[in-house]
Structure formats: C-alpha cells, structure tokens
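So the structure is just underneath, and the comments pick up after that.
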Protein chains: 2
Amino acid sequence: MVREDEFVALCRSHGLAATHQRRVIYATVASLHGHPSPELIYEKVKKKIPSISLATVYNNVRTFLASGMLREVSMHHGSLRVEPNNHEHHHLVCVRCRSITDLHAKNLGLLRLKTQPRGFRVTRIAVDVLGICAACAAKEVSK
Amino acid sequence: MVREDEFVALCRSHGLAATHQRRVIYATVASLHGHPSPELIYEKVKKKIPSISLATVYNNVRTFLASGMLREVSMHHGSLRVEPNNHEHHHLVCVRCRSITDLHAKNLGLLRLKTQPRGFRVTRIAVDVLGICAACAAKEVSK
DNA sequence: TTACATAATGATACAAAATATCAGATAATA
DNA sequence: TATTATCTGATATTTTGTATCATTATGTAA
C-alpha cells in the first residue's frame, strides 16, 4: 500500500487534493503490476470503497494521466485508426491532441531485439514517438 | 482510384469476395493518406454509396485488418490501459488476444532518432513489439 | 449463361466505453 | 474553524463497436 504521507506529498507536488478515493485508486493501479483498464480498476477499488462511482475512477485516472502520475500503455486514439499496409514506417503522436504523423523508418536507428522473448513470435515492431506537435506547442506558449 | 482488376486480384489472393462496397472502402482509405477512423471512412464512403451501412464499413475494416490489407495505426486495446509511471520499458502485444507484457528497455537495441522531427518536441519513445503470444500460438497449432 | 451455394450487405438492436452535469460532500488554506 | 475551491457520486448522454438476420450480391460449376 502507498504510504499516506508519501501520497499526500505526491498529490501536493502535482497540485491535487489528496482524497481517500485517489489514494485507493492510485494504490490499486500500483498493486496490480499490470496494465489495467478503468473498468478493472473500478472493480478492485469497489472492494475497498463500495460506494465509489465509475465516474470518479474515470475522472481520477484522467487526472493522474494528465499529471504524469500514471501513463497510458499505448496511445489511445479514442477510436480505431487504420492505414494502408504499405511501406514500413512509425508514428509521431502528439500527447495533447492525439494527432498522428508518419515517421519514416529510416529516421530511427537500428531497431532490433537483443534477446527474443520466450514463446512470443514477433511479427512487427511499432514505434510511437510521443511528444508535443507544433500546433500544440504554439498554443502552450500563448497561454 | 484502385483499379478494378487489381482489386479483384487482391481480394482473390486473400480469399475475399470483391464487392463494390469493399472496393470503395479500400480505395477511400488509400486515398485519405492518413490514419482514418471507421467513422471518417464511413462519411467519405457514403458520398459514393449513400445507402451503405456503418456496420458494413466496420465489418470490412475488420476483414481488411484480419487479412493484412490494412493495419492498425497503434494497437487498440478495446479500452484504455494504464500503468504506474515507473521504470522505462516497452511492451509485447499479442495481435490475437491483445494481451500486454512488459519488455525491459535493455532488451531493445539503442533507440534514437537520427533526425529530430521539425517542430515536434519528443518526450518519450514507446515501442510495441507485436506478435503472437505463447497461448495464442498453442491454440493455432491445435486447430 | 444460368443455377445454386456461399458470402456480404444494410437495417436495426444492443453492448461497451467514455464523458458531461451538477448537487452535495470533502479537502486545502487562511 | 471558517471559507473557498475542489472533488465525489448519481445519473444521463454520447461515442464507439458488435450482433442478428432477412435480403441481396458474388463466385463457381454445370
């Protein structure tokens, strides 16, 4: 379990109120050692706080993502996005507006696994270069 | 526009019936030169085939993904997945069951951009190693 | 080319995932 | 402690995606 005083300091440093719900949600994600969805987090947290609302879990997961206390496993574009299966390339993804731009594979240094993961047959390596796009950077300056 | 005979051959090689709807959907994705969602594809296709159903677009996008004629921009886990923002690591993602496993960063060769993308402030590089996990490979053999 | 079996389409209902709203409760701070 | 700002939880709504199934179109073989 996350220590009370540590959690208060963590929230403080991110400008967040240190509520009981937040502590339990955060501790639950930490304890799961996996890649839980908000629904799963909700199920687990409900055992500690039966009255908690799914909306609160969603709110706080979003808050934690925004503050960097949690991060997304892979960038989630809201809805499915597809592309022609043509040339090998990767993507620049803006963490603010979620816009996606192609990045030619040759712009990335040699990409290979040092050791093959046991029992996993690799078919492709997809790289997301995350950051802030020019448009979002411009908005930030103007604030 | 994708040529009729080419498209027929492409479908044939994937064991798919070459319907008019499929041709228009496929051509639309190719013409967009981006990373469209099924909703956007639907909007565009509807201009050519006003009677088309959203379900048909979804069906065929899924069919094209399964056959490899299209691919997903980034693996989509159905719902948002989060993790503690702790140590640097990447992910093994099974393209069949969508399970996610951590992959220590040191198992991946040096990862860097040869040229910084103009106007894009990079904050992190996330790598998804895509493939078939052991459980799914086992299922496949037993078929 | 026609006939037939198979597969795809489109309308619709449904389910899942996520967001918005807002009154009341709780936490931060002075 | 009192006051203000923020958060919570209930609920409604939106968005995204899937299931069902009668009708229609496609592929194949005679």
Identity of the residue in segment B:1-42, more than 16 Å from DNA strand C (Cβ to nearest atom) and of a type outside the set (A, V, I, L, M), that ends up farthest from the other protein chains (Cβ to nearest Cβ) = B:D5
Out of B:H91, B:H87, B:H104, B:H77, report the one residue that is closer than 19 Å to A:R81 by Cα and out of contact with any helix residue (DSSP H, G or I) (no Cβ under 7 Å at 6 or more places or on another chain).
-> B:H77
Exactly one of A:S79, A:S53 is within 13 Å of DNA strand C (Cβ to nearest atom) and more than 21 Å from the chain's Cα centre (by Cα), and that one is A:S53
Regarding B:K48, is this residue more than 13 Å from DNA strand C (Cβ to nearest atom) and either outside the structural domain of B:R96 (by TED's automatic domain parsing) or on the phi < 0 side of the Ramachandran plot (or both)?
-> no
Any chance you could count how many residues in segment B:52-67 are more than 10 Å from DNA strand D (Cβ to nearest atom) and more than 10 Å from every other protein chain (Cβ to nearest Cβ)?
-> 4
Wholly within segment B:1-89, helices (runs of 4 or more DSSP H) carrying at least 3 residues that are in contact with a Lys or Arg (Cβ under 9 Å, 6 or more places away or on another chain), free of Cβ contacts under 8 Å to residues at least 24 places away in the same chain and surrounded by 13 or more Cβ atoms within 10 Å (Cβ to Cβ) = B:4-13
Within segment B:100-133, how many residues are open to solvent by less than 60 Å² (accessible area, probe 1.4 Å), facing chain A (nearest Cβ under 9 Å) and within 25 Å of A:P36 (Cα to Cα)?
-> 14
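The values are calculated or read from the model by the stated rules, or taken from the named source; none is laboratory data. Nothing here was measured: the structure is a model prediction, and the numbers come from that model. Reconstructed Cβ throughout: ideal geometry from the backbone, glycine too, with neighbour counts over all protein chains shown. When the accessible area is computed, the model is the full protein with side chains, heavy atoms only, and any ligands, DNA or RNA have been set aside. Shrake-Rupley method; radii C 1.70, N 1.55, O 1.52, S 1.80 Å.
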